[in-house]
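Engineer: Okay, here's the structure, questions in a sec.
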Amino acid sequence: MMIFDVLTLFPEIYSVLSESVLGRAQNDNAFKLNVYNLRDYSKDKHKKCDDTPYGGGVGMVMTPQPLHDAITAIDPERKAHRIYLSPKGTLLNQRHVIRLSKIQQVLLVNGYYEGLDERIIALDIDEEISIGDYVLTSGDFASFVLISTISRYLPGVLGNADSTIDESFSNGLLEYPQYTRPRNFLGLNVPEVLLSGNHKKISDWRLAQSNQITQIRRPDLLSD
Ligand code: 4H4
C-alpha cells in the first residue's frame, strides 16, 4: 500500500482529501496519508519556520532546522522517496506520475514563500518536482495535485481498472470528444459513428479525433 507522508504548514486543509474518491480510497486501504505539521518541529520560541534571505531580497526563506528535524523524524531510515514541490523542479507529466505511483513511500515536502534553504535540498531531498510553470501561494496545492493524480494509478482507487488506459496522455495524445445521453441536446446530435455499434469504426474515429485535437492544441506532445 502506497504511503503519502506530507510535511506542511497547514495540516488542517488535508481534510479535503478525506472526501469523494480519495476518501474512499483511504478507507479501502488503497493508500495511507500521514500529515505532519512543520511548526511542531521548530525550536523557535514562536514556532517560526521562515526567516529573511541572506544577501537581501524580497520574501522569506524556510529555515533549515524545522525542515531537517521534521524530515529525519518522519523518515529516520531514509526509506521514503523525498519530493520537494517547487517551480524549479522537474515538470510533472503522466510518465512521472506512473513512475511515482510505483514507489512504496513518498514524503512530500511543501515549499512556501521563496522556498527551502538550499542546504535542506542538498541534505534531505531526493527529487524536486513542479506541477507547472507558475507560482502558487502554497506548495500544498502541488501536493494535492500529486496525491490526486498518483492515486489514480493505485490498485482499487478507480472503479474500472481500465480507466487509466484510454485517457488523455495515456497514449501520448489528448483524449477524443466524449458524448452521453440524450442523442439530441438542444438540436445538437451525437456523431453517428458512435451510434453504429461498429467498434473498429468507433476506435478509428476516436484515434483520428485524438490526433487532430493534439495536433491543434498540443503539437508539442507529438514531438515527445
Ligand atoms: C516554492 C515558490 C519554491 C517559489 C514556492 C519557490 C509550486 C509549483 C509552487 C509556493 C512556493 C510555491 N510547487 N510546483 N509550481 N524560490 N510553489 O509554485 O524555489 O522558486 O510545485 S522557488
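Engineer: Below 15 Å, Cα to Cα, which aspartates and glutamates can Lys79 reach? Residues fewer than 8 away in the same chain don't count.
Structural biologist: Filter leaves Asp5, Asp124, Asp126, Glu127.
Engineer: Report in % the part of the accessible area of the stretch 123-183 that belongs to carbon and sulfur, leaving out ligands and nucleic acids; probe 1.4 Å.
Structural biologist: Here carbon and sulfur together make up 55 percent of the probe-accessible area.
Engineer: Given +1 on the Cβ of Lys and Arg, -1 on the Cβ of Asp and Glu, and no further charges, what dipole in debye does the stretch 9-156 carry about its Cα centre, rounded to the nearest 20?
Structural biologist: 400
Engineer: Something else: Indicate the gyration tensor shape class of the stretch 111-174 (rounded, prolate or oblate), computed on the Cα atoms with a ≥ b ≥ c the square roots of the eigenvalues: a/c under 1.5 is rounded; otherwise a/b larger than b/c is prolate and the rest oblate.
Structural biologist: prolate
Engineer: Another one. Of all the accessible heavy-atom surface of the stretch 29-102, with the other protein chains kept in place and a 1.4 Å probe, what percent is carbon and sulfur?
Structural biologist: On the stretch 29-102, the fraction of accessible area on carbon and sulfur atoms equals 54 percent.
Engineer: While we're looking at this one, here's another question. Lys and Arg at +1, Asp and Glu at -1: add these up for the other residues within a Cβ distance under 10 Å of Met60 and post the number.
Structural biologist: Net of charged neighbours comes to -2.
Engineer: Please list, ordered by chain and number, the residues whose modelled amide H lies under 5 Å from the amide H of Arg82; skip anything fewer than 5 residues away on the same chain.
Structural biologist: Correct list: Leu107, Asp126, Glu127.
Engineer: Once the dipole of the chain is set up with Lys and Arg at +1 and Asp and Glu at -1 on Cβ about the Cα centre, which of Ser130, Leu194, Leu7 lies farthest towards its positive end?
Structural biologist: Projecting each Cα onto the dipole axis, the largest value belongs to Leu194.
Engineer: Using the per-residue mean of other Cβ atoms lying within 10 Å as a proxy for protection, in what order, highest first, do the peptides 183-191, 19-27, 138-146 fall?
Structural biologist: Ranked from most to least packed, the peptides come out as 138-146, 19-27, 183-191.
Engineer: Follow-up question, since we're still on this one. Any chance you could list P(r) for the chain, counting all Cα-Cα pairs in 10 angstrom bins from zero, rounded to whole %?
Structural biologist: Pair shares across the bins are 7, 26, 29, 20, 11, 6, 1, 0.
Engineer: Still on this structure, please answer the following. Going by the alpha-carbon gyration tensor, a ≥ b ≥ c the square roots of its eigenvalues, is the stretch 96-138 rounded (a/c under 1.5) or, if a/c is not under 1.5, prolate (a/b greater than b/c) versus oblate?
Structural biologist: It comes out oblate by the Cα gyration axes.
Engineer: Still on this model: Taking the Cα-to-Cβ direction at Gln178 and at Arg119 and moving 7 Å from each Cα, how far apart do the two end points lie in nm?
Structural biologist: With each label point 7 Å from Cα toward Cβ, the separation is 5.0 nm.
Engineer: What is the spin-label model distance, in nm, from Val21 to Ile98 if the labels are put 7 Å beyond Cα along the C-beta direction?
Structural biologist: 1.7
Engineer: Once you put a point 7 Å from the Cα of Gln65 and another 7 Å from the Cα of Thr52, both along the Cβ direction, what distance in nm separates them?
Structural biologist: It works out to 1.8 nm between the two label points.
Engineer: Follow-up. Quick check on the stretch 175-218: take the gyration tensor over C-alpha atoms, sort the square-rooted eigenvalues as a ≥ b ≥ c, and tell me if it's rounded (a/c under 1.5), prolate or oblate. List each step's numbers first, then the result.
Structural biologist: Details: a/c = 3.04, a/b = 1.36, b/c = 2.24.
In terms of gyration-tensor shape, oblate.
The values are calculated or read from the model by the stated rules, or taken from the named source; none is laboratory data. Predicted model only: the values in this text are computed from it and were never measured. FYI the Cβ positions are ideal-geometry reconstructions off the backbone, even for glycines, and counts take in every protein chain you see. The area values use the complete protein model at the heavy-atom level, side chains included, leaving out ligands, DNA and RNA. Shrake-Rupley method; radii C 1.70, N 1.55, O 1.52, S 1.80 Å.
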